[in-house]
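Heads up: the structure comes next, in structure tokens.
Every number in this text was worked out from the coordinates using simple rules, so none of it is lab data. The model shown is predicted, which means the values in this text are computed figures rather than measured ones. Positions of Cβ are generated from backbone atoms using ideal geometry, with glycine treated the same way; all protein chains shown enter the neighbour counts.
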Amino acid sequence: MMVQGLDSSIIKKAADALGRDLLVAFPTETVYGLGANAESRQALTRLYEVKGRPGNHPVIVHLYCLEQLYDYASVVPEPALALARRFWPGPLTLILPKSDRVSSQVTGGQESVGLRMPRHQLALALLKEFGRGVAAPSANRFGRLSPTTAADVAREFGTDVAMVLDGGPCQVGIESTIVDFSRPGELPRLLRPGMLLPEAIEAVVGRLDKPVAASRDQADVRAPGNLASHYAPTTPLELVSWAELAGKLDSLQKSGGSCAILSFKHSGDLAPAGADSCVQQWIVGAGDASVYAQNLYANLRQLDACQAGRIYVEAPPPDESWLAVRDRLSRAAVKPTVAQNEVTYER
Ligand code: TXA
Ligand code: MG
């Protein structure tokens, strides 16, 4: 059932559903989350089942106030607290040593837990009404694009969730920045870039350790969002430069293939004229990183729906403001390999 608006009777119903170990999808400022009672074995089992997520991949526990940090973390280092004070509610997840209240189901067997206070009125109202932590991965099937509207969630999960709270399209559009404070005596480390930039984090905590390299190993659970392949549309997606795009279209044209494109310029700027008849849909993304990020998953969903042979995305600029967008796109992309004139894609 998809329901709209910040109505106290709806919030009560949703909190009640969580209390009965049912799943409730809700909006956050980043992406929609698929919520379950973080302290119920049954609810968590259902969550993993519905999401199709391997059991060793941890989920983030969502909170409505700073004090709840101490319910779920056993240690809160001063710099982590400073970050929470500065950026919560907001698109930031802290990885901290877990308290006894956190089961290994939540942490994927690790000794640390991910905690976040989202900046969305509906989410905060639900979390407050429920009163306890809500485990919520992004509300998509494992490995797929995160949802940024309630309709995306309803389409993906149908009746597998008790309620989908509709809070409109997400403002940030891509998942929270994750900072790891779980390694005693070591510098905090960026586990997943987000729209809250390293620069802003370093201004509060000092230097961050260098990020962990992306992993192609499904068993690597430090941050499964850190798998080299994740956040992917079903159509093979290739990252290309503007200069490469003309050549790609030319050969597609010759081979009778089709594609869908997300670029920074319009087709009219690409010579030769008429080279775009193999393009089923062409979306021009915003030149501003925040606006581009806000629309990224909706744009990729649209391009995916064309069912073209492939999606070409023009690679974003190298600046720090594009770090998170570049990260998601590189994980959405497949590596084409050409052998005997046949292109295959590695996931
Ligand atoms: O913006 C967000 O963070 C959204 C909204 C719904 O809050 N949630 C989200 O959840 O993106 P999910 O489950 O799709 O991604 C959570 C990421 C995963 O990469 C997971 O591995 C990592 O957080 N994570 C959670 N707990 C962790 C832990 N204890 N140690 C390391 N990584 C952890
Ligand atoms: Mg996710």
Ignoring GluC sites (Glu not before Pro) that are buried or in helix or strand per DSSP, and keeping those with at most 14 other beta carbon atoms within 10 Å, what is the longest stretch of the chain between them?
187-347
According to a simple spin-label model (label point 7 Å from Cα along Cα-to-Cβ), what is the distance in nm between Lys12 and Phe264?
5.2 nm
Assuming 0.36 nm per residue, please report the length gained on full extension of the stretch Gln4 to Asp288 beyond their Cα-Cα distance.
99.3 nm
Take every Cα pair under 8 Å in the range 132-181 that's 6+ residues apart, average their separations, divide by the length, and report that relative contact order as a whole percent.
32 percent
Mind telling me which of Asp16, Asp100, Asp304 comes out most flexible in a GNM of the chain, alpha-carbon contacts under 10 Å?
Asp100
Under 17 Å from a point 7 Å along the Cα-to-Cβ line of Ala151: which residues of the range 279-299 have their amide N that close?
295-299
Label-point separation in nm, Ala246 to Val75, each point 7 Å along Cα→Cβ:
5.8 nm
Let me test this: with uniform point scatterers at the alpha carbons of the chain, what is the Debye-based log₁₀ I(q)/I(0) at q = 0.10, 0.15, 0.16 1/Å?
-0.60, -1.24, -1.37
Can you pull out the chymotrypsin sites (Phe, Trp or Tyr not before Pro) in the range 70-172 that DSSP calls coil and that have at most 15 other Cβ atoms within 10 Å?
Phe142
Which lysines, if any, have their Cα less than 22 Å from the Cα of Lys12, not counting same-chain residues under 8 positions apart?
Lys128
If each residue of separation counts as 0.36 nm, what is the full-extension length gain between Thr159 and Cys306 once their alpha-carbon separation is subtracted?
50.4 nm
Which lysines have a Cα lying under 28 Å from the Cα of Lys248, excluding residues fewer than 8 positions away in the same chain?
Lys265, Lys335
If you take the beta carbon distance between Lys254 and Arg141 as r and set R0 to 41 Å, what does 1/(1 + (r/R0)^6) give as a FRET efficiency, to the nearest 0.05?
0.70
Stretch gain in nm, segment Val212-Ala200, where the contour uses 0.36 nm per residue and the Cα spacing is subtracted
2.4 nm
Cut-off 16 Å (backbone N to label point 7 Å along Cα→Cβ of Glu186), residues of the range 92-108:
95-98
